[in-house]
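What follows is one structure encoded as structure tokens, with my remarks underneath.
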Amino acid sequence: MSIVLSAPATATAPALLRPWRDGDADALIEAYRDPVLRAWTRHPVTGPAQARVFLRRSHQGWAAGHRFMFAVLEEDRVAACVVLKDVRPGRPAAEVGYWTAAPARGRGVAPRAVQAVTAWAYARFAAAGLTHLELLHQVDNPASCRVAEKSGYAFAEVLPARAPYPRDGHRHVRRLP
């Protein structure tokens, strides 16, 4: 896939968003060595086999046209991942998810990348019925709450815990401008 997005530059670096590539396996494994990232994900990448599954799933989502996973790069290093998922023609909502690699946290990488994917999603899918995006996170993840707010996603409600999520969650929503 040849889609490349950019997020506004900061004092540290511009961010470039592109689909994940097979050559990103080592960067994925390195990012997931972080115990904080592993604590918030359902499918940690702990070695080459899991990296291949992650990348295959990313490629399949793009091919199917309903799940779009972007690697977020700063100076050719993986800084984060943003995913737009559950995109379906005629369906008014889709979901945005993300993670940030430890070295990139606290520098505004995630909000800028989420905003870039949000703008792309509306430009690409509004004509097919997309009216709003949702961002979900567990209540005990205040960093995700800050990213949602900085990205223009308003708090909508508390969601009760349900498998596979052991705690209540927050749902944030951003409507089509």
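Numbers for the structure displayed
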| quantity | calculated |
| --- | --- |
| Test: residue in region 111-121 that is outside any helix (DSSP H, G or I), among the polar types (S, T, N, Q), buried (at least 19 other Cβ atoms within 10 Å of the Cβ) and touching a Ser or Thr at 6+ places or on another chain (Cβ under 7 Å) | no |
| Subset of region 1-37 [open to solvent by 70 Å² or more (accessible area, probe 1.4 Å), at pLDDT 90 or above and of a type outside the set (V, I, T)] | R21, D22, G23, D26, E30, R33, P35 |
| Tally of residues being of a type in the set (V, I, T) and either more than 21 Å from A154 (Cα to Cα) or in a loop (DSSP other than H, G, I, E, B) (or both) across region 87-108 | 1 |
| Selection from region 154-174 of residues that are in contact (Cβ under 8 Å) with a residue 40 or more places away in the chain and surrounded by 13 or more Cβ atoms within 10 Å (Cβ to Cβ) | V173, R174 |
| Unique residue being outside any helix (DSSP H, G or I), farther than 27 Å from P35 by Cα and open to solvent by less than 20 Å² (accessible area, probe 1.4 Å) when the list is L135, L84, L73, L130 | L130 |
| Contacts under 9 angstrom Cβ, first residue in region 15-43 being in a loop (DSSP other than H, G, I, E, B), partner surrounded by fewer than 17 Cβ atoms within 10 Å (Cβ to Cβ) and polar (S, T, N, Q), 6 or more apart | Y32/T41; Y32/T46; Y32/Q50; R33/T46; H43/Q50 |
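The values are calculated or read from the model by the stated rules, or taken from the named source; none is laboratory data. None of these values were measured; they are calculated from a predicted model. Don't worry about glycine lacking a Cβ; one is built from the backbone with ideal geometry, like all the others, and counts go over all protein chains shown. These area figures cover heavy atoms from the full protein model, side chains too; ligands, DNA and RNA do not enter into them. Shrake-Rupley method; radii C 1.70, N 1.55, O 1.52, S 1.80 Å.
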